[in-house]
Each structure stands twice: as C-alpha cells, then as structure tokens.
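What follows is calculated from the coordinates using simple rules that are stated; it is not laboratory data. As the structure is a prediction and not an experimental result, all values here were calculated from the model. Backbone-built Cβ (ideal geometry, glycine too); neighbour counts: all protein chains shown.
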Amino acid sequence: MRPLKPVPRSRLSLYILLLVLTLITIFFVRQCTTPRPAPLADRRAGGDTLNVAIELSPMTLSVSSDTLSGFSYDLMRAIAAIHHRPVVFNGFTNLPRTMQRLLDGRYDIVIADMPVTSTTRRDYLFTDPIYLDRAVLVQLPDSTGILPIPGQQALARREVWVPAGTPLTRRLHALGREIGDTIYVHEDPDYSEEQLIMLTAVGELPCAVVNSRVARQLAREYPRLDLSVEISFNQFKAWALAPRDSALTDTLNSWLAAFRTTPAYARLSSRYSL
C-alpha cells in the first residue's frame with residue numbers, strides 16, 4: 001500500500017476555510033427568513049410566502065462575522081418588507097440543480113450571478129435588470145510579475161475552470177471560435193465562483209473565469225490576484241422565474257421600479273458600489 005501524502009498547508013487551510021464558510025452560511029441562512037426563521041430544506045413554504053433560492057456569493061448572499069449581506073439579498077428583503085410578503089431564503093452553490101427545482105415549482109425565484117442571454121430567456125422568465133456585470137479571468141502572476149495569460153488570444157489551448165451550468169461556458173466556447181483555437185473548459189459541479197477564485201488565489205487552480213463584481217470583492221482579501229483580462233462585454237444580471245410565473249414577474253418588476261426611486265435604494269447602491 002502506498003503511503004498517504006501529507007496535505008499541503010495551503011490546501012488544508014483552504015479546505016478548513018471552505019468548511020467553516022459553509023457551516024456558518026447554512027446556520028445563518030436558517031435565520032434569514034422574514035418574518036420568522038424556517039429550516040433550509042428542500043420543500044416549499046405555503047401561503048403567500050416567496051420561496052427564494054439565493055446563490056452564496058458576495059453580490060447575492062455572503063457572511064461577514066455574524067452578519068448576512070449581499071446586494072440582491074438586501075434588495076429582496078427590502079422590497080418584500082415594504083409589500084408585507086414573507087420570504088424564505090434557501091442558499092445554494094449548484095446552479096443547474098437549483099434551476100431544475102425552479103422549473104419543478106420548489107422555488108419561486110432564483111437569485112444568482114447569472115447573465116440574461118438569448119439562451120437563458122428561452123427557458124426562464126427574468127425580472128428587469130438588477131445590475132450590470134462582465135466576466136473576467138482570474139489568475140496569479142508569476143514570481144516576476146508576468147501574467148501566464150496576458151490577453152484573450154493567450155487562452156488558446158489553455159485550461160479554464162468555471163462553475164457548472166453557467167453561461168460562462170458558452171461564452172468561453174464562443175471566444176474560442178473568435179480566436180480560432182480551442183479553450184479547454186472545466187465545469188466544476190461542486191464549487192461556486194467564490195470558491196474557484198479562492199482555489200486560484202492559493203495556487204490550486206491555474207485560472208478561472210468568473211463575474212467581475214464577485215472577483216473584485218474577493219481581490220480585497222487576495223491582492224495578488226489579477227483581473228485585468230476581460231472575457232465578455234457588460235451583461236445584465238436579473239432574477240430568474242419559471243415560465244409559468246409571468247404575473248409574479250410583473251409584480252416584482254413593479255416593486256423594483258418603485259423602490260429604485262427611494263433614498264433607501266440609493267443608499268443600497270452606494271454601499272455595494274453600483
């Protein structure tokens with residue numbers, strides 16, 4: 001039997017951090033129901049409660065100390081409170097599974113860092129745009145400060161990691177056609193954008209493609225990360241609903257339009273630098 005190799009300290013520290021983040025998030029997501037807590041479970045709350053699946057990401061839902069935050073999380077809570085609609089939040093990291101549960105009727109709304117494209121519009125309804133974002137490559141420079149991938153052309157025959165089920169894969173395949181060569185895209189079914197950035201920051205992955213706002217948030221903790229290579233133009237980000245829920249989509253749009261005229265929305269936008 002071959003002896004087991006010791007786990008490198010950087011990898012062990014990352015695994016511990018990911019475990020702690022997951023446990024803390026699950027605990028606090030259990031507390032973030034309005035007006036009363038509900039378990040983080042795979043079942044619907046009844047009545048007029050909005051069942052919301054929300055991605056664990058700095059722009060949607062994250063944990064800092066003992067506080068839940070995130071632009072979309074705060075925005076959803078604010079408009080629901082104004083209109084006296086209780087909300088159950090269910091945190092997730094696996095987007096394909098969550099989108100299927102949306103279609104199955106287990107969730108009313110999915111809040112994620114997912115761009116609105118012609119392809120996603122065929123399968124889901126979307127609210128009016130919540131904010132703009134773009135995809136970027138995250139990587140580490142070498143010891144001399146030189147980037148392994150200095151531009152889009154240098155992605156030819158490179159391996160790139162993205163979360164499974166996101167439109168980022170289609171964008172990278174399209175980019176491969178634009179540069180006339182293959183980009184090898186690894187769709188990771190287990191890790192979110194945030195976790196892929198962390199793995200890249202500690203050298204476990206060579207690079208990943210993620211959304212710019214998420215990357216910029218985490219770059220404050222990992223200042224060596226480079227985000228200079230843009231992969232897409234600006235894209236609209238919106239909340240997704242099942243095709244049958246056109247009435248709820250219209251309602252959310254009217255709530256959002258009204259809230260955007262308030263000082264509370266201005267403060268929220270300023271807080272998240274939108």
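Add +1 for every Lys or Arg and -1 for every Asp or Glu among the other residues with Cβ under 9 Å from the Cβ of residue 114, and state the total. Walk me through the intermediate numbers first.
Numbers: positive: 237; negative: 55, 113.
Result for the local shell: -1.
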Neighbour-count order for 232, 269, fewest beta carbons within 10 angstrom listed first: 269, 232
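Residue 201: net charge of surrounding residues, Cβ under 10 Å, Lys/Arg +1, Asp/Glu -1, itself excluded? Show your work: numbers first, answer last.
On the way: positive: 224; negative: 204, 221.
With Lys, Arg at +1 and Asp, Glu at -1, the neighbours total -1.
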Square roots of five times the Cα gyration tensor eigenvalues for the stretch 133-235, Å: 19, 16, 13
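Among 60, 49, 98, which comes first, then next, by fewest other beta-carbon atoms within 10 Å?
49, 98, 60
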Built amide H within the under 5 Å cut-off of residue 186, gap 5+: 160, 161, 162
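Defining a contact as two alpha carbons under 8 Å apart and six or more residues distant in sequence, what relative contact order in percent does the stretch 59-157 show? Display every interim value, and only then the final one.
Details: 44 pairs, mean separation 13.9, N = 99.
Across the stretch 59-157, relative contact order equals 14 percent.
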For a label point 7 Å along the Cα-to-beta-carbon line of residue 269, residues of the stretch 102-134 with backbone N under 12 Å: 130-132
